[in-house]
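Derivation of every value follows stated rules applied to the coordinates shown; laboratory data play no part. What you are looking at is a predicted structure, and each value in this text was computed from that prediction instead of being measured. As a convention, Cβ positions derive from the backbone with ideal geometry for all residues, glycine included, and neighbour counts pool all protein chains shown.
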Amino acid sequence: MPTEKEESLLREERVARLATFSKNGKIHLIPVCYAYDGKHIYVGTSLDSQKVKNLKRNSSVSLIVDRYYEDWSKLKGVMIQGSAEVIEGGEEFESAKKMLYQKYPQYEEQVPIREGESAIIKITVEKILSWDYEG
């Protein structure tokens with residue numbers, strides 16, 4: 001489980017970088033908006049996105065959330081290794097969508113998450129590595 005500092009970073013930051021594996025084993029790395037509920041990380045995306053295609057073949061993921069400062073002694077970051085599940089509808093889909101809309105109010109109007117068009121990626125944390133030089 002994440003420490004208090006790791007949880008704080010996961011809740012506060014706005015962008016993460018998600019890595020999945022393509023069909024030929026190459027890393028597919030992209031920035032994503034995400035929500036964290038204290039146990040799982042949720043990412044909204046389109047059903048036909050490359051990350052969904054990749055996850056349907058291989059559920060392994062890595063996700064990095066970090067904070068950059070000009071003063072490198074203050075750098076902070078969390079790297080999560082885990083597995084992902086693609087959720088296409090239902091109660092958990094709606095709950096995750098609500099969390100994403102709360103964190104990113106513009107999401108609902110500009111890029112609505114809809115069953116049949118969208119997917120929610122649910123990441124289960126298996127390992128956490130972090131750096132926090134100043135505490």
Lysines whose Cα lies under 19 Å from that of Lys97, excluding same-chain neighbours fewer than 8 positions away: Lys39, Lys51, Lys122
Select from Glu70, Glu88, Glu109 the residue whose mean-square fluctuation is largest in a Gaussian network model of the chain (Cα-Cα springs shorter than 10 Å). Glu70
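How large is the dipole of the range 11-76 about the Cα centre if only Lys and Arg carry +1 and Asp and Glu carry -1, each at its Cβ, rounded to the nearest 20 debye?
Working: 13 positive and 7 negative charges, 77 e Å.
Once rounded to the nearest 20, the dipole reads 380 debye.
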So how far apart, in nm, are the two label points at Ser83 and Arg17 if each is 7 Å from Cα heading toward Cβ? 2.6 nm
Cα-derived Rg over Rh, computed across the chain with Rh taken as Kirkwood radius: 0.97
Extension reserve of the Glu109-Tyr69 stretch, reckoned as 0.36 nm per residue once the Cα distance is removed: 11.2 nm
Say each of Gln102 and Val32 gets a label point 7 Å from the Cα, pointing the same way as Cα to Cβ; how far apart are those two points in nm? 2.0 nm
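In what order do Val52, Val111 fall by count of nearby beta-carbon atoms within 10 Å, going from fewest to most?
With the fewest neighbours first, Val52, Val111 line up as Val111, Val52.
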Could you work out the helix-only [θ] at 222 nm for the chain, with each DSSP H run of four or more residues adding -39,500 (n - 2.57) and the total divided by the number of residues, to the nearest 500 deg cm²/dmol? -7000 deg cm²/dmol
Residues in the range 111-133 reached by a label modelled at Lys5 [backbone nitrogen below 13 Å; 7 Å Cα→Cβ]: 129-133
